[in-house]
Each structure stands twice: as C-alpha cells, then as structure tokens.
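First comes the structure, then the notes that go with it.
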Amino acid sequence: MKTNRAVRSPGGLSFRLDVRATVVVALLLVVALAASVLLIGTGDFEIPAADVLRTLVGQGDPGQEFIVNELRLPRVLVGLLVGASLGLGGALFQAISRNPLGSPDVLGLGQGATAGALTMIVLFSGGSAQVTAGALVGGLVTGLAIYLLAWKQGVHGYRLVLVGIGMSAIVTAVNGYLLTRADIVDASRAVVWMTGSLDGRDWDQVWPLLGLCAVLVPLVLTNGRALRMMEMGDDVSYALGVRVERVRALLMVAAVLLTAAATAAAGPVSFVALTAPQLARRLTRSPGPNLLASLCMGAALLVGADWVSQRAFGADQLPVGVVTGVVGGVYLLWLLVTERKAGRI
C-alpha cells in the first residue's frame with residue numbers, strides 16, 4: 001500500500017498526501033476529543049458522556065450547563081491548548097536542533113518561564129495576570145539568550161542543545177534562590193504553580209492562549225516545507241532557495257512563545273514537548289518534523305494525563321505535571337539508551 005499519493009484538484013493544482021500521517025492525525029484528534037468528553041464528565045458530580053455532548057450543544061439542564069460550561073470545559077480547553085502548544089513547540093525545537101533531545105524541557109525554556117513567574121510571585125506578589133506576563137517575558141529572555149550564545153555563523157544542533165542545558169542549570173539555580181527569598185505563603189503558591197497543574201483554570205486562561213495559537217499555528221504550518229528542507233542541511237536548503245537563518249529565527253521565536261504561553265497558563269508541565277514529537281514520528285513513520293501530528297499528540301497526551309491524574313489514584317488527585325513527569329522521565333531514559341546504542345551520543 002502506498003503511503004504517499006498525489007492529489008490533483010479540479011483547478012489543476014496538485015499536492016502530495018501522506019495517507020498514513022493523515023490517518024494518524026485524524027485518530028489523534030478523535031482520541032483527544034473523546035478524552036476531553038470523558039474528562040468533562042469526571043468529578044465529584046459524574047456526568048455521562050451523552051449528557052456532556054447534549055450540554056455542549058445547549059440541550060442540558062441548568063445544573064449540568066453550569067458544571068460543564070463554567071467549571072470543567074475551561075480546564076479541558078486549557079489542557080488541549082497547552083498540550084498542543086507544547087507538542088508543536090517541541091517538534092520545532094527538535095527539528096531546528098536536529099536532535100531528539102532538543103526540547104524546551106532540556107533547553108531550559110520552561111525553567112526560564114518559571115523564573116519569570118517566580119519573580120512576579122516572590123518579589124512583587126503579583127496576581128494571575130502579572131504571573132502570566134512574567135512567564136512570557138522569562139521564556140522570551142531565556143530563548144533569546146540561548147540563541148545568541150549558540151550563534152556561531154549560524155545556530156547548529158548540538159551547540160544549541162549544550163547551551164540550552166547550561167542555561168537550564170543556571171535558571172534552575174535562580175529559581176531555587178527565588179524560593180529561598182519567599183515567605184511561606186508565596187513559597188507555597190510558587191511550589192504549587194511549579195508542579196504544573198490545570199486546577200482552577202477558567203476562561204481567563206483560555207482566551208489569551210487560544211488567540212496566540214490562532215496566530216502562531218498557521219504561521220508555523222506554512223513554514224513546514226522550509227523546515228523540512230532545513231533538515232537536509234543548511235547548504236542544501238540555501239541551494240533550494242530557503243532563507244535558512246530567517247526561517248530558523250522566526251520558528252524559534254514561535255516555539256518560544258508557544259512554550260512560554262503554555263507554561264504561563266498551566267505551569268511547567270514537563271516532558272510533553274519532549275515525548276509528543278517522537279511518538280508522533282513513530283506513529284506516522286514519516287520523515288520531517290511532523291508538525292500537525294505532534295500538535296495533536298501533545299493535546300491527546302496532556303488531556304489523557306489529566307484524566308489519569310484525576311481517576312487513577314482514588315480520592316487523591318495529582319497535578320497533571322506529576323503524571324507527565326513520571327511518564328516522560330521513563331521515556332527520556334529509554335530515548336537515551338536508544339541513542340547510545342545507535343552511537344549518536
């Protein structure tokens with residue numbers, strides 16, 4: 001069976017369709033949406049999936065409409081958007097660095113956003129809007145520092161990863177120092193935020209993240225072809241007409257913004273950006289960055305992890321960051337062993 005087919009439109013335009021990748025994206029969307037419906041029905045007041053669907057289309061009773069639309073739907077939407085942002089941001093960084101370890105978790109972007117948020121919490125006792133702004137600024141400053149320090153006639157794979165690891169260590173130390181400066185109330189608030197959680201998320205977190213994704217996701221996808229060419233090397237990309245450094249800088253800014261916005265909305269949810277692109281590539285078996293598949297995989301992973309955090313431990317609900325940290329840590333160990341056996345590290 002052919003996995004790639006040429007599709008020709010009535011107007012004479014033609015494009016290549018990767019059948020397997022298309023099917024994988026569709027299945028991931030179905031999984032993410034099905035998990036979202038189950039998650040909306042989960043809680044102290046259980047709601048069957050059929051009633052959840054009726055309520056979402058405006059046919060539920062007043063009690064169900066309040067629970068679904070005001071309490072649970074915003075949390076699920078934040079989970080979908082955060083997972084999608086982290087999956088897409090991770091795919092961009094791994095493609096730019098040409099390294100499966102080149103994710104925001106390893107490069108220190110999540111820690112940079114955390115430093116910005118902690119600064120607002122500890123030094124200024126800021127509210128949610130100030131914490132969000134601090135996380136965005138912290139992520140952008142960290143990303144800019146990594147880019148400038150890794151620059152040497154261009155930005156290349158392992159140098160970007162090594163600089164990112166060093167930056168991650170520095171920013172982690174700064175975060176530890178900020179916690180020692182906090183009083184007990186601010187320290188408790190900061191530790192809860194640093195775990196990565198979707199608890200208490202409402203429409204105030206949904207709209208900014210949705211607006212950012214509405215701008216950045218189409219921008220990234222339209223540059224997907226250039227990014228795929230860049231994986232063949234800078235010289236080949238230049239020969240094919242790709243403005244390598246311009247595209248690389250643009251996509252790095254987009255990846256930093258996606259990661260920082262996701263961190264601002266839910267805290268530093270670990271390892272989704274690392275695992276989603278690699279799992280998507282293994283499912284599609286397609287070369288290239290697999291941007292759309294990584295986006296859908298990230299959304300499905302985070303919503304699924306949130307369901308596990310609420311249902312797998314009885315009355316004790318865990319922050320979603322704990323679940324993704326455990327799963328992602330195991331995956332990271334497996335990835336390191338695989339890369340070592342392949343002689344790449």
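The values are calculated or read from the model by the stated rules, or taken from the named source; none is laboratory data. Everything numeric here is computed off the predicted structure, so don't read it as measured data. Note that we place each Cβ from the backbone using ideal geometry, even for glycine, and neighbour counts take in every protein chain shown. Accessible surface areas use protein heavy atoms only, side chains included; no ligands, DNA or RNA. Shrake-Rupley method; radii C 1.70, N 1.55, O 1.52, S 1.80 Å.
When S188 is tested against (1) open to solvent by less than 80 Å² (accessible area, probe 1.4 Å); (2) within 23 Å of the chain's Cα centre (by Cα), only condition (2) is not met. Within region 305-327, restricting attention to residues that are surrounded by fewer than 22 Cβ atoms within 10 Å (Cβ to Cβ) and among the charged types (D, E, K, R), which residue is nearest to A35 (Cα to Cα)? Step by step, filter region 305-327, then rank; the result is R311. Of V131, V137, V163, all but one fail to be touching a Phe, Trp or Tyr at 6+ places or on another chain (Cβ under 8 Å), buried (at least 19 other Cβ atoms within 10 Å of the Cβ) and either of a type outside the set (D, E, K, R) or closer than 14 Å to P268 by Cα (or both); the exception is V131.
Just one residue in the set A239, A182, A187 is in contact with a helix residue (DSSP H, G or I) (Cβ under 8 Å, 6 or more places away or on another chain) and either among the polar types (S, T, N, Q) or farther than 22 Å from L109 by Cα (or both); that residue is A182. Restricting D61, D51 to those that are over 30 Å from V247 (Cα atoms), at pLDDT below 85 and acidic (D, E) reduces the list to D61. All of R248, R228, R243 fail the test of being farther than 28 Å from L332 by Cβ and of a type in the set (K, R), apart from R243.
Can you find a residue that is open to solvent by 20 Å² or more (accessible area, probe 1.4 Å) and under 18 Å from I40 (Cα atoms) anywhere in region 296-304? Yes, region 296-304 has at least one match.
Answer yes or no as to whether L291 is within 15 Å of V25 (Cα to Cα), surrounded by 14 or more Cβ atoms within 10 Å (Cβ to Cβ) and either in contact (Cβ under 8 Å) with a residue 60 or more places away in the chain or among the charged types (D, E, K, R) (or both). Yes. Here the condition is being at pLDDT 90 or above and surrounded by 24 or more Cβ atoms within 10 Å (Cβ to Cβ); of L80, L73, it holds for L80 alone.
In the set (1) open to solvent by less than 60 Å² (accessible area, probe 1.4 Å); (2) at pLDDT below 90; (3) in contact with a Pro (Cβ under 8 Å, 6 or more places away or on another chain), the condition left unmet by R228 is number (1). Can you pull out every residue in region 33-57 that is surrounded by 13 or more Cβ atoms within 10 Å (Cβ to Cβ), assigned to a helix (DSSP H, G or I) and of a type outside the set (D, E, K, R)? Across region 33-57, the qualifying residues are L33, A34, A35, S36, V37, L38, L39, I40, V52, L53, T55, L56. When you check Q111 against the structure, is it at pLDDT 80 or above, assigned to a helix (DSSP H, G or I) and closer than 30 Å to I165 by Cβ, yes or no? So Q111 fits the description; yes. If you check G233, G241 for being more than 18 Å from the chain's Cα centre (by Cα), farther than 22 Å from G116 by Cα, open to solvent by less than 40 Å² (accessible area, probe 1.4 Å) and free of Cβ contacts under 8 Å to residues at least 24 places away in the same chain, only one passes: G233. Exactly one residue out of D61, D44 is farther than 23 Å from G321 by Cβ, of a type outside the set (V, I, T) and either out of contact with any helix residue (DSSP H, G or I) (no Cβ under 8 Å at 6 or more places or on another chain) or without any contact (Cβ under 8 Å) to a residue 24 or more places away in the chain (or both): that is D61. Just give me the residues in region 134-191 being modelled with pLDDT of 85 or more and small (G, A, S), in sequence order. Across region 134-191, the qualifying residues are G134, A135, G138, G139, G143, A145, G164, G166, S168, A169, A173, G176. Checked against (1) open to solvent by 10 Å² or more (accessible area, probe 1.4 Å); (2) not in a loop (DSSP other than H, G, I, E, B), G60 passes all but a single condition, namely (2). Scanning region 328-344 for residues that are part of a helix (DSSP H, G or I), closer than 22 Å to Y158 by Cβ and not basic (K, R) yields G328, Y331, L332, L333, W334, L335, L336, V337, T338, E339.
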